[in-house]
Every structure is written in C-alpha cells, then in structure tokens.
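The values are calculated or read from the model by the stated rules, or taken from the named source; none is laboratory data. Because the structure is a prediction, the values reported are computed rather than measured. Here the Cβ positions follow ideal geometry from the backbone for every residue, glycine too, while neighbour counts run over all protein chains shown. Accessible surface areas use protein heavy atoms only, side chains included; no ligands, DNA or RNA. Shrake-Rupley method; radii C 1.70, N 1.55, O 1.52, S 1.80 Å.
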Amino acid sequence: MIRQLSEGDIENELKILSEAASAEGYHFVQRSIEEWESRANQFSHPGEILLGYFIGSHIVGMCGLNIDPFSEENRTGRLRHLYTHPDFRKQGIAGQLVQSIIQNAGHYFTRIRLRTDNPIAERFYLKHGFQQVTEEDATHCLELN
C-alpha cells in the first residue's frame, strides 16, 4: 500500500529503512529524516509529497516530490529520495511509487526533474517516461500534460 508519510512514520519506520540504505552507502534516506526533523524539508509546500510503500505496517520503499529548488519555475517538481529496501526489489515497488508521484505532480507541476549518476537508475527512469537532459542540476526530465 502506498500512502503519504506522517510524522510517526518518520520517527519510527523510516529510521529502519535508513539503516538498510546506509548499509548500501545511500545516505539520502537519513538526510530525509534529518531535514524533516529540522523542518528544512517536510514536503509541505503545495504539490509536495513524501510517499511510503508499506507491506503490512512496515515501510519497504519511499519517494518524494518537492518544488525543484534549482529551477526558477515554481511549476517544476523534483523527484527525490527514491529507495526500495533490497529485500523487496524487482517487485515493481519503485515503479508504483514513481507513478504515484507522477499522478500527484500533474495537479501542481508541468514538469518533473531529477539527477542521477547511477546507470541502473537511469535505465529505470527512462523506462518510466523520463528523458535525458543536459540541464544544469538535472539529468532527466518528464514533461507533464
């Protein structure tokens, strides 16, 4: 089940997901927790959302959408912090999270940008409709109708 993360999810479930991510060398899940706790980024502006994928009561994946801080256009979103626990990969969880983000984004944004240097992630994003771009601070973009 996909749902918007709450304060309680950040304090409890997301910390468990962060441990798995950190073990793989990914520190952005922990950064999400720190930014939430410091109130630097709580995905609280119009159009912003932080989603979790839950199996039972446990989070196994996450993905966020912010107003793109690197764009001068306030109708540009930035996909952030897509992560799936390694025990639950190859089950379509990341794709479902991204599709939920895209559906939510269409109400507020005209495009979504992201940055990745991971070749596996790049193939994933291309599969989900993103195009490679040579923009400053972005490697991929999805134009929304």
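Results, tabulated for the structure shown:
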{"quantity": "Filter result (outside any loop (DSSP other than H, G, I, E, B) and more than 14 Å from R78 (Cα to Cα)) within the range 109-130", "calculated": "P119, I120, A121, E122, R123, F124, L126, K127"}
{"quantity": "Scope the range 1-44; condition touching a Phe, Trp or Tyr at 6+ places or on another chain (Cβ under 9 Å), open to solvent by 80 Å² or more (accessible area, probe 1.4 Å) and either among the aromatic types (F, W, Y) or assigned to a loop (DSSP other than H, G, I, E, B) (or both); matching residues", "calculated": "M1, Y26"}
{"quantity": "Qualifying residue in the range 39-47 (condition: more than 20 Å from Y108 (Cα to Cα) and either aromatic (F, W, Y) or more than 15 Å from the chain's Cα centre (by Cα) (or both))", "calculated": "yes"}
{"quantity": "The lone exception for V133 - which of (1) surrounded by fewer than 17 Cβ atoms within 10 Å (Cβ to Cβ); (2) at pLDDT 95 or above; (3) under 18 Å from A21 (Cβ atoms) it fails", "calculated": "(3)"}
{"quantity": "Hits in the range 52-78 - residues which are open to solvent by 10 Å² or more (accessible area, probe 1.4 Å) and among the aliphatic types (A, V, I, L, M)", "calculated": "I55, I59, I67"}
{"quantity": "Total residues in the range 88-126, condition out of contact with any Gly (no Cβ under 6 Å at 6 or more places or on another chain) and either of a type in the set (S, T, Y) or without any contact (Cβ under 8 Å) to a residue 40 or more places away in the chain (or both)", "calculated": "27"}
{"quantity": "Residue list for the range 113-133, restricted to those being of a type in the set (S, T, N, Q) and within 17 Å of H81 (Cβ to Cβ)", "calculated": "T116, N118"}
{"quantity": "Selection from the range 136-145 of residues that are among the acidic types (D, E), in contact (Cβ under 8 Å) with a residue 40 or more places away in the chain and surrounded by 10 or more Cβ atoms within 10 Å (Cβ to Cβ)", "calculated": "D137"}
{"quantity": "Filter result for the condition that a residue is hydroxyl-bearing (S, T, Y) and free of Cβ contacts under 8 Å to residues at least 24 places away in the same chain, over S32, S22, S71", "calculated": "S22"}
{"quantity": "Filter result for F54 (farther than 16 Å from H128 by Cβ, over 11 Å from the mean Cα position of the chain (by Cα) and either part of a loop (DSSP other than H, G, I, E, B) or not hydrophobic (A, V, I, L, M, F, W, C) (or both))", "calculated": "no"}
{"quantity": "Given (1) over 15 Å from S71 (Cβ atoms); (2) modelled with pLDDT of 95 or more, index of the condition N118 fails", "calculated": "(2)"}
{"quantity": "Filtered residues of the range 21-49 (kept if more than 21 Å from D87 (Cα to Cα), aliphatic (A, V, I, L, M) and touching a His at 6+ places or on another chain (Cβ under 9 Å))", "calculated": "none"}
